[in-house]
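Each reported figure results from applying straightforward, stated rules to the coordinates on display, with no laboratory input. None of these values were measured; they are calculated from a predicted model. Methodologically, a virtual Cβ is constructed for each residue, glycine included, from the backbone with ideal geometry; neighbour enumeration extends over all protein chains shown.
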Amino acid sequence: MSDREPLEATGTAQPAQSAAALPSTEEFEAFYREVTPKLVGFLIRQGARLAIAAEIAQDTMLKAYRKWAEIDSPSGWVHRVASRELIRYIARTEADDLCEDVPEASSLLPSPSAAAEWEQQQDLLRLLADLPPRQRQIMAWKYDGHTPAEIAEELGISPIAVRASLLKSRRALAALMAQREGGEDR
């Protein structure tokens, strides 16, 4: 069975998972604590509001826990599954509903305490929001520390296409930054 796509519900009863198929509590808790905040940030950089990003991350982690024994690369798997779920969510939602002014604290994520850091993140999000969806998606993967080859593998596209998208994204972001800086001086 592939770790590329989560199984869809078939309506038939599934046998209970054996205890051996589930990760040890300590192992999964460490993975969850390390990866969940990064996953939420990854989804926010793709255009999700904090609440939606946290919900998708939580659901994705639950899926990962249930499929742990089948997943070869847990971090890549949760990023891929969460990204696909966000795309499904965006397809079902109007674009106006995807913006949020100030993130609220939640038990899943601490509230942003450093105003300057939060402001920089908001500036980045505004810039990324002006990119086409594919470029925004690829930039989110890159911002999360993935190489073009890893991004290509995870998204099922060629590394050349990823590099081309990164180049276009960087040029567009530079032009947007120059435009905004020019507009602020007036």
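What order do you get for 152-158, 132-138 when each peptide is scored by the mean count of other beta carbon atoms within 10 Å, highest first? Before the final figure, lay out the partial values.
Values: 152-158: 15.3, 132-138: 18.1.
Ranked from most to least packed, the peptides come out as 132-138, 152-158.
Please give, to one decimal in nm, the separation of the simple spin-label points placed at LYS38 and ARG163, each 7 Å out from Cα toward the Cβ.
For LYS38 paired with ARG163, the spin-label model returns 2.5 nm.
Hey, with R₀ at 45 Å, roughly what FRET efficiency would ARG66 and THR93 work out to, going by the Cβ-Cβ distance, to 0.05?
0.95
Quick check: pseudo-label points 7 Å beyond the Cα along Cα→Cβ at ARG134 and ALA149, how many nm apart are they?
Taking the simple label geometry, ARG134 and ALA149 are separated by 2.3 nm.
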